[in-house]
Structure formats: structure tokens, C-alpha cells
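Student: Mind looking over this structure? Questions follow.
Every number here is computed from the coordinates shown, using simple stated rules; none is lab data. Note that the structure is predicted; figures quoted are calculated from it, not measured. Note: ideal-geometry Cβ built from the backbone for every residue, glycine included; neighbour counts use all protein chains shown.
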């Protein structure tokens, strides 16, 4: 499995658990990942662990801005009414659009794949719609961005 994809899965699972338990706080980040044993954690490649923690920490550090953008583009569904899984897929995706050096189309494609893997059958359309609109209205205005070409 591709390492960045696995890192995103771990980040979503951990943010989901933190959100579900009302613990979306930097001081509450677990030392490993949710639903992962210590042995499993040790078997992950170092870059998987590092990237997953980067996504978790970065999302939480920028949670107010990330949630504001999601709320701005989720016109028919307030953020607190978005399913936990979908909300956290959107959160790491918006954080990545804002701060990661990854092409927006890769971020959106990954969000759709993660939604198809972890959410209901049709929610990927909701996620794709929000991220696509956000990308067109906010992020495509950035001129001359040089994206990381090593993204898997």
C-alpha cells in the first residue's frame, strides 16, 4: 500500500476517534494511532508515521481556519451535521490544500478514495463537490505553485 495513502488513513482514524470523544485538542493527540496496536505502530514505515502525525497535528493547529472553510462551502449541511468520518476526511484535505505541497487534484482524488473506503456509498460525491468548489474558488488562484512530484 502506498505510504501517503496509509498515513492519510491513520490520520482520519485518529481524528475520527478524537472528534467522536470530543477531544480535538493538540494536548490530546495520542502517542500512537487510534485502532492500532503498539506492534502495528512499530511495523509502519517511519515516513508513514511522520506524515500521519503531520496531518493530525497540522489539522488540529489550523482547525478553526479549516472548519471555517468547510462551513463556507458546505451550504446545505452545517459542519456539526456532517458525519464524523466525512468531516475528518474534509479536514485533512482542506489542511492539505492550505499547507501541504501536494497538487490539489491528488488531494481531492485521495479524499474521494478515502470516503469510498470509510464512508457511505454516496458521501464521496459530497466530499468531491465541496473540495472541487473550494479548489476552484480559493486555491486555483495561487499562481506558479510547484508541487511535490514525489506524491504517491
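Student: Counting alpha carbon pairs within less than 8 Å and at least 6 residues apart, what relative contact order, in whole percent, applies to the range 1-144?
Tutor: Value for the range 1-144: 23 percent.
Student: Further, regarding this structure: How far apart, in nm, are the 7 Å Cα→Cβ label points at residue 84 and residue 72?
Tutor: Going by the 7 Å Cα→Cβ label model, 2.9 nm.
Student: On full extension of the chain, what length is gained from residue 41 through residue 113, given 0.36 nm per residue of separation minus the C-alpha to C-alpha distance?
Tutor: 23.6 nm
Student: Going by C-beta contacts inside 10 Å, put 94, 122 in order with the fewest on the left.
Tutor: Fewest-to-most Cβ neighbours within 10 Å comes out as 122, 94.
Student: How much length, in nm to one decimal, is gained on full extension between residue 122 and residue 57, taken as 0.36 nm per residue of separation minus their Cα-Cα distance?
Tutor: That works out to 20.5 nm of additional length.
Student: If I build a Gaussian network model for the chain, linking alpha-carbon pairs within less than 10 angstrom, which residue out of 111, 35, 11 has the largest mean-square fluctuation?
Tutor: 35
Student: Here's something else I'd like to know. How far apart, in nanometres, would the label points at residue 23 and residue 50 be if each is projected 7 angstrom from Cα along the Cα-to-Cβ direction?
Tutor: Result for the modelled spin labels: 2.7 nm.
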